[in-house]
Each structure stands twice: as structure tokens, then as C-alpha cells.
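Q: I have a structure I would like to understand better, so I am pasting it below and will then ask my questions one at a time.
The values are calculated or read from the model by the stated rules, or taken from the named source; none is laboratory data. Remember, it's a predicted structure, so these values are computed and weren't measured experimentally. Note that each Cβ is placed from the backbone with ideal geometry, even for glycine, and that neighbours are counted across all protein chains shown. Just so you know, the surface numbers come from the protein's heavy atoms only, side chains and all, with ligands and any DNA or RNA stripped out. Shrake-Rupley method; radii C 1.70, N 1.55, O 1.52, S 1.80 Å.
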Amino acid sequence: MCGIIGYTGSSQALPVLVQGIRLLSYRGYDSAGVSIWNDGSLRIRKDQGRIEDLAPRWNPDELAGTAGIGHTRWATHGVPNMPNAHPQHDAGEQVAVVHNGILENDLALRERLEGEGVVFASDTDTEVFAHLFARSFEGDAVAAARSLLETCHGAFALAIQHASLPSTLVAVRRGSPLLIGLGVRENLVASDLRPLVGRADAVIELGEDQIALVTPDSVRLFGADGGEVEYATRPIDHSERDIGKDGYPHFMLKEIHEQPDRIYELIASRVDAERGAVRLDDVGITDDQWRRFERVDLIGCGTAFHACLYGAYVLESIAGIPARAVMAHEYEARAPRLNDRVLAIALSQSGETMDTKIAAQAAIDGGAHTLGVLNVRQSVIGRAVHGVLDIHAGPEVAVASTKVYTQMLCALLLLALRASQARGGDGRHLQELAPALKRLPDDVRAVLGRFDGVREAARDVRRAGDMLFLGRGYDAGTALEGALKMKEISYIHAEGYPAGEMKHGPIALVSREMPTVAIATEGPTRDRMIGNVREVRARDGEILLVATDGDVDAEKLADFVLWVPSVHPLIAPVVNVVPLQLLAYETARLRGCDVDQPRNLAKTVTVQ
Ligand code: F6R
């Protein structure tokens, strides 16, 4: 995931671009760059590193000019280095391109261009756009942009400059978001609202497959057929200016809604469908190491620990490596037997959690190979461990973790698929899962579209004093996570259990006053879950059921059904947790709780 900024107006472009890159850096920050039009040529400066370190090296006199584009990168295609930084350009530097998204037919197009004599200077998919645009440009930027839409597959937001167009920015959108900010005698292009606030009064959201020509005092929009289209502008309102919730009443709801896009970016950048492989080169674990590992310890706290539970299941069942989830604060006390045949994975949103940091250090000291599955690469844990799998969920502001959890699940599934690949697996799992993973963002989106059903259930449970959450197998952790979300933001006492545990004690609690949330979606555990639901029902318990669309038998047993689409059971936990996040959110809201900053909690727990 990357950030794009473009500026054309009467001010110097460089400071505007640098500030925009700063504000977009949460999207990725391993390299950055700018291109500025100056006297008939494009002046491009870019390198590996953070904008804070790069910008002081860029000479404002050499980069004088009032139109330019900028980019902050999270590496997907090619390591973070200068050639792979954006803007990408053609050989003659007539065209500069910044890009957010994934070009899916990159390999085929690259081969075709190489066959036509193009020499590539980087490993990026973005460079393909620069060469294609340069080759099809004959003075008409819209025609050249249309040919990109015809030739290129995938999701991409692009801002393009051509040396022959002094003050024009070309913007193209397919899939990835792109906004145009309207200012006074200046206009901007950006991946999100952040860099526009303060300069623009209103925005245009570029539609799917639309092209924009942006100059200091005009914006023209075109469809993929080349016809000019009308557009609507919307003012940037006060709440957006103040707190960056993008129109949502709470950060938590905004972050829940970000999940489909975050998941798409993670999966699309890591699953190479053309080669039938998972790409995790930056994690730094060789095939030989994967083959030598005899055990995986997954360590984390709270929500991260629930992700560890899922991770242990998938690593063991897909990759065949014995794996266990351990709460980070319990790790040292177990005096784990460690050596370089153990992989210890520390999961953390912040990368600063003291308990997880201490457990990771114990694993390092014991000689294990350590990996951080983190949302903040440049963190204490990130610096200590041998390698990092950056989940790139973007900043999570709400104290209750949501998008980080689903992102961790996806990252762990990819890790298990990669491990299986390295250990000589037959590729069956990836073959089976690839189409399901591709559909996953839409499946999550479908659940978000069913908020009304969740609202109805929340109106009922808002008065409960206690709740029970049940799940089995891959969804045992989902039940624990659903209960944690409910208790931490609504203050309703909620317990999560693997459902098989019910008859060993918790069933004594069941009564009409204690709603039970049961996850009984299709898959190998569905029937046994339905058995548990019957047991609760027989004791007059109220049932909220997470069930697969069309499961009419399950529906008959429930007071409320939280419907989810049919998905592969291995990835069902990613989808099944979403109605539980929404249920906790809505219940807390109805109870008048401070959703984003619940009492007694902190986002980053740096004490033991
Ligand atoms: C729950 C929550 C916490 C964190 C836990 C670990 O919604 O946010 O349980 O998951 O404190 O934090 P990180 O992931 O930063 O190590």
C-alpha cells in the first residue's frame, strides 16, 4: 500500500508534495520520491528511506516548479531501493508515474515490452505504466490513459506527468481510491483526504475507470470510452478537517470498514497467482530454514493472542509444523526449550507491547529464529527480531483492535502457505484457497453491508449483563475475540469458549438473561456447533447465531441470525469476526460508552 500526492497551482510544488508524503506515510514509508516539471523536463528525486531524511537532501532550487507528483511506498514488487522508488519513468524521462495498487498482468506486459526493446530500470510493476503511457502518447493524454485502462488488469490509482504538459496532471483510477482536491487557483490529487485538508475546500472522488486532467484552474473527467463526464464535488466538512475519521462517527467503525481494502492489498501483493506462489521474500526465512523448523511458538497478547490461536491451527494443518499459541506474558514462565529449529513469531499491532517484547527477547536469547508479525515495522519488537512480516493495516486509532486482527489472520495464512511451499507441499492448499482469497475482500464487504441485522441484535443484547461466545476449530479464537471486543468497549461481561468446553462447566451459566453468540458457519465443525446450540436452547438460552447464507435449519434455532456469505472454512474466521466487531460496536454505542477510548485501557501497553 502506497500514498500518492499531486499538485498543480501557483505555489512551489515541492513543499506541498513533501508535506503530502509526510501525511500519507502511514500507508508505507520504505521509500519516497517526487517529480517536478521544470522548463520542459521532469526533475525526479527519489530514494529508499523516510521522507524526514530524504526531503532535506532535495535542493529546492533544482526542484523549482509549480506542478509535480509525489509518492510514499510500501514495497510489493522489488525491494525498497532507489530504482524501485516512485516516481517511475520511461527511458527518456518524458513520463513520470506514481502508483498505488497492483498491476496483475505485470509479467505478461513486461515480457511484451521487453520484446519490443524496452529496458527496465526497476523491478516494479509501476514502471510498466510509464513505458506504456510514453509509447501510446501522441499529444493526447486522455487517449494514452485510455490505452492503460484497456491493457492493464488489477487495481491501480495513478498520477502521471508528461514533459510536454507543463501544468497538467493526469489521474487514472481503477479499484484503488483517488481524490482530486479543489483549491483556489490550485488543484491536487491524493490517495486520501489527509493531505488535502487545509489546501482544498472540496473534493471530487474519481469514479471507477475514470481519467482526470487536472490543471491549476480546471478539472475535466473522462470515462474509459473517452467521453467527458460530469462530476459532483463535495465540500470537506468540519469533522473531516478536525479528526480524520473520513465521515465515520468513530475511528472503530472507520477501521472496521477499512478491512476489505487492507485485505485486498495484503493478499494481492503477496499471492502471485500467475506463478501459483506466495511471495514473502522480505520475511527473510529461507526454504532451508523452513524445512529445518521443528516447532513454531506464536506469542502475543489480547487480540494478537487470538490471532496466534488461528496461526497455530493453520501452520500445523497446512504446513505440517507443530505449532502452539502462548500468551506472551506466560512464555518465559514455561521455560520453553529453544534452539534454531524453533521459529518464534511475535504478533503485535504496536510492536511496543512490553509482555510481547520480553517474550520475543527470551526467544532470541534462547537461540530461536524470531519473526515479528507487526503493524509497525520500525518498533521495538521490529528492531529486535530477525525478520518482520509487515501486515500494513495502516494506523489503528481506536483502542479496540479490529482491522489489525483480520490482517494478522491473513498474514498468518499466507505464512502457512509459504511454509508449506518451502517444505515441499503439493500446492493443493494454495490452489484451493487462491480463488477464495481473491473473493475475500468482497465477502467481508458483504458482511459490512448487513449492518442492519446486527443493529437489531444489538438493540436486544444492550441490556444483557453477561454474554457467552462459542466457536470451534479455526473459529475457537473468533469466539474469544468476539467476547473480548464486547467486554472491552460495551463493559458487558462476556466469556469466549471453544464450544466443546461447554458441558465441562460453562453450561451452568445458561439462562434467558445470558445471550449466547454461536459461530456455526458451514464447514467441518458446523454440525457439532449446532449440537451445542441445541443444548443452550434446551435450557431456554437466547441464541445469536453466525450462520452461512441459506442455512434454514440453523435459522430455526436462533433468536437472531448474523448472516455471512459462504466461504472456505480455512478463511471463515476472517469473515466471521466482522459481525462480532459490528455487534460490539453497536452495543457499546447504544449503551452510551466511549467506543474509541474505553475506560482503563491504552492502545499500547508498555508495562508488564
Ligand atoms: C484488544 C486490544 C488488545 C491488544 C493487546 C496487544 O482490542 O487491542 O488486546 O491486542 O494489548 O497489543 P499489540 O498488538 O499492540 O501488541
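Q: Please pick out the residue among 534, 528, 512, 463 that is loosely packed, with under 15 Cβ neighbours inside 10 Å, free of Cβ contacts under 8 Å to residues at least 24 places away in the same chain, of a type in the set (D, E, K, R) and over 21 Å from residue 596 (Cα atoms).
A: 534 is the lone residue from the list that is loosely packed, with under 15 Cβ neighbours inside 10 Å, free of Cβ contacts under 8 Å to residues at least 24 places away in the same chain, of a type in the set (D, E, K, R) and over 21 Å from residue 596 (Cα atoms).
Q: Among the numbered criteria (1) open to solvent by 10 Å² or more (accessible area, probe 1.4 Å); (2) outside any loop (DSSP other than H, G, I, E, B), which single criterion is violated by residue 424?
A: Just one mismatch for residue 424, condition (2).
Q: Still on this structure: For segment 391-404, name all the residues that are more than 10 Å from the chain's Cα centre (by Cα) and within 11 Å of the ligand (Cβ to nearest atom).
A: 396, 398, 399, 400, 401, 402
Q: May I ask you to verify whether residue 452 is open to solvent by 50 Å² or more (accessible area, probe 1.4 Å) and either without any contact (Cβ under 8 Å) to a residue 60 or more places away in the chain or within 20 Å of residue 401 (Cα to Cα) (or both)?
A: yes
Q: OK, next. Sort out which residues of segment 498-509 are outside any helix (DSSP H, G or I) and under 38 Å from the mean Cα position of the chain (by Cα), and write them in order of number. Spell out the reasoning first.
A: First pass over segment 498-509, keeping only residues outside any helix (DSSP H, G or I): 498, 505.
Of everything in segment 498-509, just one residue is outside any helix (DSSP H, G or I) and under 38 Å from the mean Cα position of the chain (by Cα), namely 498.
Q: Against the definition (within 22 Å of the chain's Cα centre (by Cα) and outside the structural domain of residue 300 (by TED's automatic domain parsing)), how does residue 482 come out, yes or no?
A: Against the criterion (within 22 Å of the chain's Cα centre (by Cα) and outside the structural domain of residue 300 (by TED's automatic domain parsing)), residue 482 qualifies.
Q: Condition test on residue 266, is it among the aliphatic types (A, V, I, L, M), assigned to a helix (DSSP H, G or I) and under 30 Å from residue 479 (Cβ atoms)? Please lay out each step first, then the result.
A: Numbers: among the aliphatic types (A, V, I, L, M): yes; assigned to a helix (DSSP H, G or I): yes; under 30 Å from residue 479 (Cβ atoms): yes.
Yes; evaluated as a whole, the condition is true for this residue.
Q: Scan 473, 505, 465, 453 and give me the residue that is under 20 Å from residue 308 (Cβ atoms) and in the same structural domain as residue 586 (by TED's automatic domain parsing). Full working, then the answer.
A: Values: 505 fails: under 20 Å from residue 308 (Cβ atoms); 465 fails: under 20 Å from residue 308 (Cβ atoms); 453 fails: under 20 Å from residue 308 (Cβ atoms).
When all the criteria are applied, what remains is 473.
Table: residues versus (1) open to solvent by 30 Å² or more (accessible area, probe 1.4 Å); (2) touching a Leu at 6+ places or on another chain (Cβ under 8 Å); (3) within 23 Å of residue 429 (Cα to Cα); (4) within 16 Å of the ligand (Cβ to nearest atom).
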| position | (1), (2), (3), (4) |
| --- | --- |
| 290 | no, no, yes, no |
| 312 | no, yes, yes, no |
| 321 | no, yes, yes, no |
| 327 | yes, no, no, yes |
| 341 | yes, no, no, no |
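Q: While we're looking at this one, here's another question. Sort out which residues of segment 203-218 are open to solvent by less than 20 Å² (accessible area, probe 1.4 Å) and touching a Leu at 6+ places or on another chain (Cβ under 6 Å), and write them in order of number.
A: 203, 206, 212, 214
Q: Of all residues in segment 145-169, which are of a type in the set (Gly, Ala, Ser), in contact (Cβ under 8 Å) with a residue 24 or more places away in the chain and out of contact with any strand residue (DSSP E or B) (no Cβ under 8 Å at 6 or more places or on another chain)?
A: 164, the sole residue that qualifies.
Q: Turning to a different aspect of this structure: Among the strands (runs of 3 or more DSSP E) lying completely within segment 18-125, list those that include at least 3 residues that are within 26 Å of residue 164 (Cβ to Cβ), free of Cβ contacts under 8 Å to residues at least 60 places away in the same chain and open to solvent by 10 Å² or more (accessible area, probe 1.4 Å). Spell out the reasoning first.
A: On the way: elements: 31-38, 41-48, 67-73, 95-103.
By residue number, 41-48.
Q: Which members of segment 467-509 meet the condition of being closer than 24 Å to residue 398 by Cβ, without any contact (Cβ under 8 Å) to a residue 60 or more places away in the chain and not aliphatic (A, V, I, L, M)? Give the derivation first.
A: So in segment 467-509, the residues closer than 24 Å to residue 398 by Cβ come out as 467, 469, 471, 475, 477-496.
When the remaining residues are screened for being without any contact (Cβ under 8 Å) to a residue 60 or more places away in the chain, the result is 467, 479, 483, 487, 493-496.
Within segment 467-509, 487, 493, 495, 496 qualify.
Q: Can you name the residue in segment 372-390 that is modelled with pLDDT under 95 and either under 16 Å from residue 287 (Cα atoms) or away from the ligand (no atom under 12 Å from the Cβ) (or both) and, of all such residues, is least open to solvent (accessible area, probe 1.4 Å)?
A: 390
Q: Quick check on my filter: what residues within segment 343-357 are part of a strand (DSSP E or B), within 16 Å of the ligand (Cβ to nearest atom) and either more than 21 Å from the chain's Cα centre (by Cα) or of a type in the set (A, V, I, L, M, F, W, C) (or both)?
A: Hits for segment 343-357 are 344, 345, 346, 347.
Q: So, one more: Wholly within segment 150-201, which strands (runs of 3 or more DSSP E) include no fewer than the required count, namely at least 3 residues that are open to solvent by 20 Å² or more (accessible area, probe 1.4 Å) and over 20 Å from residue 100 (Cβ atoms)?
A: Result: empty, no element qualifies.
Q: Can you confirm whether residue 465 is more than 16 Å from the ligand (Cβ to nearest atom) and in contact with a His (Cβ under 7 Å, 6 or more places away or on another chain)? Spell out the reasoning first.
A: Details: more than 16 Å from the ligand (Cβ to nearest atom): yes; in contact with a His (Cβ under 7 Å, 6 or more places away or on another chain): yes.
So residue 465 fits the description; yes.
Q: Under 6 Å between Cβ atoms, which residue pairs at least 6 apart in sequence (or on different chains) link something in segment 367-393 that is among the β-branched types (Val, Ile, Thr) with a partner that is more than 14 Å from the ligand (Cβ to nearest atom) and in a loop (DSSP other than H, G, I, E, B)?
A: Here the result reads 370/386, each pair linking segment 367-393 to a residue that is more than 14 Å from the ligand (Cβ to nearest atom) and in a loop (DSSP other than H, G, I, E, B).
Q: Whether any residue in segment 239-256 is in a helix (DSSP H, G or I), of a type in the set (D, E, K, R), closer than 24 Å to residue 438 by Cα and in contact with a helix residue (DSSP H, G or I) (Cβ under 7 Å, 6 or more places away or on another chain) is what I want to check.
A: Within segment 239-256 (the criterion being in a helix (DSSP H, G or I), of a type in the set (D, E, K, R), closer than 24 Å to residue 438 by Cα and in contact with a helix residue (DSSP H, G or I) (Cβ under 7 Å, 6 or more places away or on another chain)), the answer is yes, since at least one residue qualifies.
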